[in-house]
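The values are calculated or read from the model by the stated rules, or taken from the named source; none is laboratory data. This is a predicted model, so every value here is computed, not measured. Cβ coordinates were reconstructed from backbone atoms using ideal geometry, including for glycine residues, and neighbour counts include every protein chain displayed. The protein model used for the area step is the full one, side chains on, heavy atoms only, and it has no ligands, DNA or RNA in it. Shrake-Rupley method; radii C 1.70, N 1.55, O 1.52, S 1.80 Å.
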Amino acid sequence: MKNRIVIFDTTLRDGEQCPGASMNLREKLEVARQLARLKVDVIEAGFPVISDGDFEAVHTIAKEIKGPVIAGLARCVAKDIDAAGQAIKPAGKRGRIHVFLATSKIHREFKLGKPQDEIVRLAVEGVKHARSYVDNVEFSPEDGSRTEPDFLARVCKAVIAAGATTLNIPDTVGWAVPEEYGALIKYLYDSVPEFQSGKAVISVHCHNDLGLAVANSLAAVRAGARQVECTVNGIGERAGNAALEETVMAIKTRADFFEGLTCGVNTREIVKTSRLVSRMSGLIVQRSKAIVGENAFAHSSGIHQDGILKKRETYEIMDPQDVGWGQTELPLTKHSGRAAVAVRLKHLGFKMTDADVAAIFARFKEIGDKKKFVYDDDLSALVEGQITEVIETWSIEYLSISSGNQTVPTATVRLRKVRGKDADIVAQDASIGDGPVDAVLKAIDRMTDTCGKLMDYSLRAVSQGKDALGEVTVKVDFGDAKLFTGKGASTDVIEASARAYLNAVNRFLANGNAQVKSETQP
Ligand code: KIV
Ligand code: ZN
């Protein structure tokens, strides 16, 4: 057993399957760039057959991102494997196809209606087909943790003989507990000679339905697994996947227990990555979340503070700087010029065109007039506003609110139609509502001829101080198959709400080819 753990990041595939987390191409690309800076080993960039948008994202990431292996997911079906093979082609030798097929009794009998022999035959056929595109093929027996161990070992041997080099054992429904899962991995390690010889690698992919995803992954590496599939902030289907930052920091911090296991992640990029993923996915990180939550290193009790001052290790098992906390630069002000803003954007890791910088600089000036300091987080929020701007159909021109404890909240909103039929018309409407936000949203609905149901609304201060930029994230149901996320930032929270809602409306209107085909989701 070698000591290096391969970190396989599936934020852009399993993470993106989280309801309301879908990202556009620009957002995925920014996340992929940051994952490369984080130095993950593998980026699972998407499920190419699902939609043209997914294909495009995997293809673009394979073309643009240097460093990590780029993987595309496929069912054991020729058209899926062909799509994945085409999508990862620009990555050349760094391309991987990840093929999956369910193996558990419950899936065989009720979902697939196929006997064991047929499952083995299909798995082998799928892996061979994938090998016609690339040498690097991963196979996942879906619901692996609930599959009979002897059948699982048989599947592993058969697909390895067919050319699979990584065998992923998913705990698809988050059913496993650490001791049992570790024992399963050990059983497979001991039963399959190719795992012992290093010809094939055992991977684990744990879901968090019982809150055990990281614990299960760690039990598995102790038992012989050498690849961990995880997501930034633990986002993913249902309760999410094993959190990358927790897995990596457990291995690093408890190197004594994990007997020298290592991984290549640049941990100082963790906080930055977490924030970017939170922004791009619209999924807020809870304050007490390990490693990346705002409170992860905040000590409020006097006894703890006293201990920390005397010796940090009394109450702190990790150095916050090791995961990237406390790396803030001097804030910009309204006097900062465009070049300074461009340099800071580059430093933050964003790859911006001149047009992007110009648009961000215009918003920076508006905000700089209203608040004294513009922090890195403020700037990142503006970047996000720029890159989430899906093809805009409507843009906001003017907003006025009348509200108070003795007044019926009233909003007047002016929008400009920037594309499609009647492009360039200006619409203005006023509406009353249950509160100022409700009044604004009603006015927007009327002018854009949409009828969104607000399923989730969150507001957070991007940076410190009373004049902090407020960032609003909404999830809206327009009666389509999926929820649309919208984000907006401003020093005025009503304006931020209007921008976020209009961002969701624009995503909905531009959605034409981005329908989720739910029957293909694993
Ligand atoms: O959870 C799961 O089983 C998956 C597979 C596609 C690996 O996501
Ligand atoms: Zn999964």
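Go through the stretch 1-10 and count every residue that is touching a Cys at 6+ places or on another chain (Cβ under 8 Å) and open to solvent by 10 Å² or more (accessible area, probe 1.4 Å). Spell out the reasoning first.
Taking the stretch 1-10 and keeping what is touching a Cys at 6+ places or on another chain (Cβ under 8 Å), we get 4-10.
Going one step further and asking which of them are open to solvent by 10 Å² or more (accessible area, probe 1.4 Å), we end up with 4, 6.
Count: 2.
Mind listing just one residue for me: the one in the stretch 168-188 that is in a helix (DSSP H, G or I) and crowded, with 17+ Cβ neighbours inside 10 Å and, of those, nearest to ligand 2 (Cβ to nearest atom)?
Here is the first cut: in the stretch 168-188, the residues in a helix (DSSP H, G or I) are 178-188.
Pick out the ones that are also crowded, with 17+ Cβ neighbours inside 10 Å and you get 178, 181-182, 184-186, 188.
On the way: Pro178: 18, Tyr181: 15, Gly182: 19, Leu184: 17, Ile185: 17, Lys186: 22, Leu188: 19 Å.
So, considering only residues that are in a helix (DSSP H, G or I) and crowded, with 17+ Cβ neighbours inside 10 Å, the one nearest to ligand 2 (Cβ to nearest atom) is Tyr181.
Somewhere in the stretch 70-78, is a residue under 26 Å from Val127 (Cβ atoms), surrounded by fewer than 24 Cβ atoms within 10 Å (Cβ to Cβ) and touching a His at 6+ places or on another chain (Cβ under 7 Å)?
So far as the stretch 70-78 goes, yes, one or more of its residues are under 26 Å from Val127 (Cβ atoms), surrounded by fewer than 24 Cβ atoms within 10 Å (Cβ to Cβ) and touching a His at 6+ places or on another chain (Cβ under 7 Å).
Quick one: would you say Ser132 is of a type in the set (S, T, N, Q) and away from ligand 2 (no atom under 16 Å from the Cβ)?
yes
In the stretch 104-118, is there at least one residue being buried (at least 23 other Cβ atoms within 10 Å of the Cβ) and among the hydrophobic types (A, V, I, L, M, F, W, C)?
For the stretch 104-118, residues buried (at least 23 other Cβ atoms within 10 Å of the Cβ) and among the hydrophobic types (A, V, I, L, M, F, W, C): absent.
Find all pairs meeting these conditions: Cβ atoms under 7 angstrom apart; at least six residues apart or on different chains; first residue within the stretch 40-69 and in a strand (DSSP E or B); second residue aromatic (Phe, Trp, Tyr) and open to solvent by less than 60 Å² (accessible area, probe 1.4 Å).
Val42/Phe8; Glu44/Phe8
Which numbered condition in (1) away from ligand 2 (no atom under 16 Å from the Cβ); (2) in a loop (DSSP other than H, G, I, E, B); (3) open to solvent by less than 10 Å² (accessible area, probe 1.4 Å) is the only one that Val31 fails?
So the condition that Val31 fails would be (2).
Is it the case that the stretch 120-132 has a residue that's within 16 Å of ligand 1 (Cβ to nearest atom) and farther than 12 Å from Arg75 by Cα? So that I can check it myself, show each step before the final result.
First pass over the stretch 120-132, keeping only residues within 16 Å of ligand 1 (Cβ to nearest atom): 122-123, 126-127, 130.
Keeping just the survivors that are farther than 12 Å from Arg75 by Cα gives none.
There is no residue in the stretch 120-132 that is within 16 Å of ligand 1 (Cβ to nearest atom) and farther than 12 Å from Arg75 by Cα.
Output yes when any residue across the stretch 235-244 is within 16 Å of ligand 2 (Cβ to nearest atom), without any contact (Cβ under 8 Å) to a residue 60 or more places away in the chain and surrounded by 17 or more Cβ atoms within 10 Å (Cβ to Cβ), and no when none is.
Step one: of the stretch 235-244, the residues within 16 Å of ligand 2 (Cβ to nearest atom) are 235-244.
Remaining after also requiring without any contact (Cβ under 8 Å) to a residue 60 or more places away in the chain: 242-243.
Still in the running and surrounded by 17 or more Cβ atoms within 10 Å (Cβ to Cβ): 242-243.
Scanning the stretch 235-244 turns up at least one residue that is within 16 Å of ligand 2 (Cβ to nearest atom), without any contact (Cβ under 8 Å) to a residue 60 or more places away in the chain and surrounded by 17 or more Cβ atoms within 10 Å (Cβ to Cβ).
Can you tell me which residue is nearest to Arg507 (Cα to Cα) among those in the stretch 413-433 that are in a loop (DSSP other than H, G, I, E, B) and of a type in the set (Gly, Ala, Ser)?
That would be Gly420.
For the stretch 431-469, give me each residue that is open to solvent by 30 Å² or more (accessible area, probe 1.4 Å) and of a type in the set (Asp, Glu).
Selection gives Asp434, Asp438, Asp449, Asp456, Asp467.
Just checking, how many residues over the stretch 338-375 are touching a residue at least 60 places away in the same chain (Cβ under 8 Å), open to solvent by 10 Å² or more (accessible area, probe 1.4 Å) and assigned to a helix (DSSP H, G or I)?
1
Can you tell me which residues in the stretch 213-230 are over 16 Å from Gly293 (Cβ atoms) and within 16 Å of ligand 2 (Cβ to nearest atom)?
Ala213, Asn216, Ser217, Ala220, Ala225, Gln227, Val228, Glu229, Cys230, listed by residue number.
Kindly state which helices (runs of 4 or more DSSP H) lie completely within the stretch 189-268 and contain at least 1 residues that are more than 25 Å from Pro141 (Cβ to Cβ) and in contact with a Cys (Cβ under 8 Å, 6 or more places away or on another chain). Give the derivation first.
Details: elements: 193-197, 213-222, 244-253.
Once the helices (runs of 4 or more DSSP H) in the stretch 189-268 are filtered for at least 1 residues that are more than 25 Å from Pro141 (Cβ to Cβ) and in contact with a Cys (Cβ under 8 Å, 6 or more places away or on another chain), what remains is 244-253.
Only one of Thr231, Thr165, Thr253 is open to solvent by 10 Å² or more (accessible area, probe 1.4 Å) and either in contact (Cβ under 8 Å) with a residue 40 or more places away in the chain or aromatic (Phe, Trp, Tyr) (or both). Can you tell me which?
The match here is Thr253.
With (1) over 23 Å from Gly470 (Cβ atoms); (2) at pLDDT below 85 as the list, and Gly385 as the residue in question, which single condition is left unmet?
(1)
Residues of the stretch 293-324 being farther than 29 Å from Lys39 by Cβ and not in a loop (DSSP other than H, G, I, E, B), which ones? I'd like the intermediate steps shown before the answer.
Of the residues in the stretch 293-324, the ones farther than 29 Å from Lys39 by Cβ are 299-311, 314-315.
Residues satisfying the conditions are Gly302, Ile303, His304, Gln305, Asp306, Gly307, Ile308, Leu309, Lys310, Thr314.
Within the stretch 189-210, work out how many residues are within 20 Å of Asn3 (Cα to Cα) and either within 16 Å of ligand 2 (Cβ to nearest atom) or of a type in the set (A, V, I, L, M, F, W, C) (or both).
8
Which pairs have Cβ atoms under 8 Å, sit 6 or more apart or on different chains, and link a residue in the stretch 132-160 that is farther than 24 Å from Asp82 by Cα and open to solvent by 30 Å² or more (accessible area, probe 1.4 Å) to one that is of a type outside the set (Asp, Glu) and part of a helix (DSSP H, G or I)?
Pairs that qualify, where the first residue is farther than 24 Å from Asp82 by Cα and open to solvent by 30 Å² or more (accessible area, probe 1.4 Å) and the partner is of a type outside the set (Asp, Glu) and part of a helix (DSSP H, G or I), are Arg146/Lys105; Arg146/Ile106; Glu148/Lys105; Pro149/Leu184; Pro149/Tyr187; Pro149/Leu188; Arg154/Gln116; Arg154/Val120.
Consider Ile43 carefully, then state whether it is at pLDDT 95 or above, in contact with a Pro (Cβ under 6 Å, 6 or more places away or on another chain) and open to solvent by less than 10 Å² (accessible area, probe 1.4 Å). If you could, list the steps in order and put the result at the bottom.
Numbers: at pLDDT 95 or above: yes; in contact with a Pro (Cβ under 6 Å, 6 or more places away or on another chain): yes; open to solvent by less than 10 Å² (accessible area, probe 1.4 Å): yes.
When the stated conditions are applied, Ile43 passes them.
For the stretch 11-28, give me each residue that is open to solvent by less than 10 Å² (accessible area, probe 1.4 Å), within 16 Å of ligand 2 (Cβ to nearest atom) and part of a helix (DSSP H, G or I).
Within the stretch 11-28, Gly15 is the sole residue that qualifies.
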